[in-house]
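Trainee: There's a structure below that I have some questions on.
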Amino acid sequence: MPEAITLSEVTLAERERVLGAEHPDTLTSRNNLAFIYQESVS
């Protein structure tokens, strides 16, 4: 799970940089990361 978190964090940061914080793809990445965080503590 730590690798999934790291990859998702990197993906989110790149999408924010390239697409902007409000772009739908960036928001999808943010949601995916939240899901991974939630699953990692369950």
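Trainee: Count charges around GLY20 for me, please; just the other residues with Cβ under 15 Å from its Cβ, Lys/Arg as +1, Asp/Glu as -1.
Mentor: Residues near GLY20 contribute -1 overall.
Trainee: Moving to a separate point now. Only Lys, Arg, Asp and Glu count, each charged at its Cβ (+1, +1, -1, -1), so figure out the dipole size of the chain about its Cα centre, rounded to 20 debye.
Mentor: Dipole magnitude for the chain comes out near 60 debye.
Trainee: Considering only the other residues whose Cβ falls under 11 Å of the Cβ of SER29, what net charge follows from Lys and Arg at +1 and Asp and Glu at -1?
Mentor: -2
Trainee: If you fit an axis through the alpha-carbon atoms of helix 2-19 and take the longest principal axis of the Cα set of the chain, what angle between them do you get, 0 to 90°, nearest 10?
Mentor: With both axes taken from Cα atoms, the answer is about 10 degrees.
Trainee: Using only helices, what value at 222 nm comes out for the chain when you add -39,500 (n - 2.57) per DSSP H run of length 4 or more and divide by the total residues, to the nearest 500 deg cm²/dmol?
Mentor: It lands at -28000 deg cm²/dmol.
Just so you know, all these numbers are worked out from the coordinates, no wet-lab data involved. As the structure is a prediction and not an experimental result, all values here were calculated from the model. Cβ: placed from backbone, ideal geometry, glycine included. Neighbour counts: every protein chain shown.
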